[in-house]
Amino acid sequence: MSELRRLPFVRTLFLGAVSFVLVVASLALDQTAHSRSEAQHLGFGYPVHFASADFTIYYTPPPYAQTYRLNPWEIPVGGNPLAFLVSWLLVYAALLAGWLLVRSTFRRVLRTWRAGGST
């Protein structure tokens, strides 16, 4: 019985770790700036931008749209811990909702299959 009580704790740790990795990995997604002012305050991270960089310090943005990749070794990056926490919680909630939906669907299908197989 104690094994069943540990399952939500393990699930919480697992989904928390996966959501953390996904949020940190979202920093690798490139961002596009359409003007110099956008390049000055370019946000990175999803679903809420939690890191920002000013690319106009080291690069002269062209007058057309330009895609930038976050590189903290070349461009100073500022962070917002609250926005990071919000992103982490949003991704965790989405993963948890997906987990519960799949579990509920699997249980319903299994229950239907058992009921149909016994008649």
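The values are calculated or read from the model by the stated rules, or taken from the named source; none is laboratory data. These numbers were taken from a predicted model, which means no experiment stands behind them. Neighbour counts run over all protein chains shown; Cβ positions are idealised from the backbone, glycine included.
Here is how the numbers come out for the structure above:
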read-out: Number of the condition not met by L82 [criteria: (1) at pLDDT below 95; (2) loosely packed, with under 13 Cβ neighbours inside 10 Å]; value: (1)
read-out: Pick from segment 2-29, criterion more than 14 Å from V91 (Cβ to Cβ) and in contact (Cβ under 8 Å) with a residue 40 or more places away in the chain, ranking: surrounded by the fewest Cβ atoms within 10 Å (Cβ to Cβ); value: A28
read-out: Members of segment 85-108 found to be surrounded by 14 or more Cβ atoms within 10 Å (Cβ to Cβ) and of a type in the set (V, I, T), listed by number; value: V86, V91
read-out: Considering residues of segment 30-66 that are hydroxyl-bearing (S, T, Y) and closer than 26 Å to L90 by Cα only, the residue nearest to the chain's Cα centre (by Cα); value: Y46
